[in-house]
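Here is the structure we will look at.
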Amino acid sequence: MTFSVVTNRPPESVESVINGDELELRTVYYKVDPVNPDRGVLTAAAQLLRQGGLVAFPTETVYGLGANGLDARAVAGIFRAKGRPADNPLILHIDAPGQLAQLAAAVPASARALIDRYWPGPLSVVVQRQPQVPDAVTGGLDTVAVRLPDSLIARELIRLAGVPVAAPSANTSGRPSPTTARAVETDLAGRIDAIIDAGPCEIGVESTVVDCTTPVPTLLRPGGITYEMLLAVLGAVEIDPALAGSPAVPRSPGMKYTHYAPAAPLFLIETGPQHTAVLLLREITRALAAGKTVGAIVSAETAPVLPAPVITAVYGPQGGAGVIAANLYNALRSFDHKGVDVIYAEGIAEQGLGLAVMNRLRKASGYRIIRE
Ligand code: TXA
Ligand code: MG
């Protein structure tokens, strides 16, 4: 049995029991105030990280699953806990810009300009790595992704740990990223040492990943720092062809796997706003007629026009890409125990955070996209 307890006392020890072949951990669940976090909790969690443990913690984007980023054994634990393919590299999280130099063999001018403007924040820069960065972190690549998060708790935890913290999103590989500690618990309780709950994440989609080793910096993953914001600093940004919708040969290894997927198959409706409702209704009507239990993830404007039997998750108002980003993963997860056979999602315009939202919805759909 796995279980979690709410406690604000540091764990006396990390208990573990052998259950069949699976190592099951007692996951300690800490609740902290996002503005005034209990220092005792952060100190205990930092101690766990230094001992090689796995700690889920909030960031401004999504919850991360942290381990000591210089300890290959601890990092291997992340891959085990998530069921993550070993060739999908991790982001190293630091708490001050100066630490980048210890991880990067060189900091290109593009990276310097981006971090001067957007750190701390939802931006990960890919740079040539220093030899001390373990292969386990980079998946054997000679580059490393580094991020300085804005979240107070994340930065304080990293500072107390005294090491760069490797942290992917704290979900089971392939599932939507967690924007609440309860979502982390659903996926990883019994597989990690601790969860720090500081309420929902503000941004709701992961950091923007920019490869700064190319002559023109390349956007590998759209996220909290928008394409428009990158352009404002860099003047020119290339877009990884994998983002154009064809899952061809992505340069960011993580982009080639199924991602963000709810339990039921998801179809994405991608047209202009007028046609979306029409197409959505047509598809839903067909599915209902075929006897299916149908879920829909839609805007507040579209929700009222859907037939009654449809199980609906509203992600926000049309045009409200920021709100939609913040609600997206919870909406995707909300169908998990509703017994839906199929989910239809309403696409949005690709401006601002809309680019990141559509990237995640396309991947969640496994590129099952319905256009006119
Ligand atoms: O917002 C975020 O970035 C969150 C929070 C916890 O900080 N973390 C996160 O990590 O989303 P993860 O592991 O779920 O996604 C990392 C992405 C993957 O697509 C991975 O392939 C890419 O970054 N990446 C990491 N290192 C890379 C590298 N050296 N070159 C290219 N892509 C890299
Ligand atoms: Mg992830």
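Residue under question is ALA232, and the condition is that it be away from ligand 2 (no atom under 16 Å from the Cβ), modelled with pLDDT of 85 or more and outside any loop (DSSP other than H, G, I, E, B); does it hold? Against the criterion (away from ligand 2 (no atom under 16 Å from the Cβ), modelled with pLDDT of 85 or more and outside any loop (DSSP other than H, G, I, E, B)), ALA232 qualifies. The listed residues are GLY190, GLY121, GLY174, and the only one of them that is away from ligand 1 (no atom under 14 Å from the Cβ), of a type outside the set (Asp, Glu) and within 21 Å of the chain's Cα centre (by Cα) turns out to be GLY190. All of ALA45, ALA72 fail the test of being among the aliphatic types (A, V, I, L, M), buried (at least 23 other Cβ atoms within 10 Å of the Cβ) and out of contact with any His (no Cβ under 8 Å at 6 or more places or on another chain), apart from ALA45. Does ALA106 fit the bill of being of a type in the set (A, V, I, L, M, F, W, C), surrounded by fewer than 16 Cβ atoms within 10 Å (Cβ to Cβ) and in a loop (DSSP other than H, G, I, E, B)? Against the criterion (of a type in the set (A, V, I, L, M, F, W, C), surrounded by fewer than 16 Cβ atoms within 10 Å (Cβ to Cβ) and in a loop (DSSP other than H, G, I, E, B)), ALA106 qualifies.
Per-residue answers, yes or no, for (1) touching a Cys at 6+ places or on another chain (Cβ under 7 Å); (2) in contact (Cβ under 8 Å) with a residue 60 or more places away in the chain:
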{"residue": "ASP38", "(1), (2)": "no, no"}
{"residue": "LEU49", "(1), (2)": "no, yes"}
{"residue": "ALA56", "(1), (2)": "no, yes"}
{"residue": "THR59", "(1), (2)": "yes, yes"}
{"residue": "VAL62", "(1), (2)": "yes, yes"}
{"residue": "ALA76", "(1), (2)": "no, yes"}
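Filtered by the rule that a residue be hydrophobic (A, V, I, L, M, F, W, C) and either within 12 Å of ligand 2 (Cβ to nearest atom) or assigned to a helix (DSSP H, G or I) (or both), region 50-74 gives VAL62, LEU65, ALA72, ALA74. Do we find that ASN88 is assigned by TED's automatic domain parsing to the domain that holds LEU148, of a type in the set (S, T, N, Q) and more than 13 Å from VAL165 (Cα to Cα) in this structure? Taking the combined requirement at face value, the residue satisfies it.
Rundown of residues vs (1) over 16 Å from VAL55 (Cα atoms); (2) more than 9 Å from ligand 1 (Cβ to nearest atom); (3) small (Gly, Ala, Ser), yes/no style:
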{"residue": "VAL127", "(1), (2), (3)": "yes, no, no"}
{"residue": "GLN132", "(1), (2), (3)": "yes, yes, no"}
{"residue": "THR138", "(1), (2), (3)": "yes, no, no"}
{"residue": "LEU141", "(1), (2), (3)": "yes, no, no"}
{"residue": "GLY162", "(1), (2), (3)": "no, yes, yes"}
{"residue": "PRO168", "(1), (2), (3)": "no, no, no"}
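When the strands (runs of 3 or more DSSP E) confined to region 273-372 are screened for residues that are β-branched (Val, Ile, Thr) and touching a helix residue (DSSP H, G or I) at 6+ places or on another chain (Cβ under 9 Å), those reaching at least 3 such residues are found at 294-299. Taking the listed residues GLY40, GLY83, GLY98, the one that is touching a Lys or Arg at 6+ places or on another chain (Cβ under 8 Å) and surrounded by fewer than 16 Cβ atoms within 10 Å (Cβ to Cβ) is GLY40, with no other qualifying. Residues that are assigned to a loop (DSSP other than H, G, I, E, B), touching a residue at least 24 places away in the same chain (Cβ under 8 Å) and either away from ligand 2 (no atom under 16 Å from the Cβ) or polar (S, T, N, Q) (or both) within region 132-159 comprise GLN132, VAL133, PRO134, GLY140, LEU141, LEU148, ASP150, SER151, listed in sequence order.
May I ask you to list pairs of residues, at least six apart or on different chains, whose Cβ atoms are under 6 Å apart, with the first in region 95-124 being under 20 Å from THR214 (Cα atoms) and the second being of a type in the set (D, E, K, R)? Pairs found: SER124/ARG147. Quick check, is GLY77 of a type outside the set (D, E, K, R), farther than 13 Å from ALA167 by Cα and outside any strand (DSSP E or B)? Considered against the rule, which asks whether it is of a type outside the set (D, E, K, R), farther than 13 Å from ALA167 by Cα and outside any strand (DSSP E or B), GLY77 comes out as no. The set of residues in region 285-307 being within 20 Å of ILE324 (Cβ to Cβ), β-branched (Val, Ile, Thr) and crowded, with 19+ Cβ neighbours inside 10 Å consists of ILE297, VAL298, THR302.
The values are calculated or read from the model by the stated rules, or taken from the named source; none is laboratory data. Every value quoted in this text rests on a predicted model; they were computed, and no experiment measured them. No Cβ is skipped: glycine too gets one built from the backbone with ideal geometry, and neighbour counts run over all protein chains shown.
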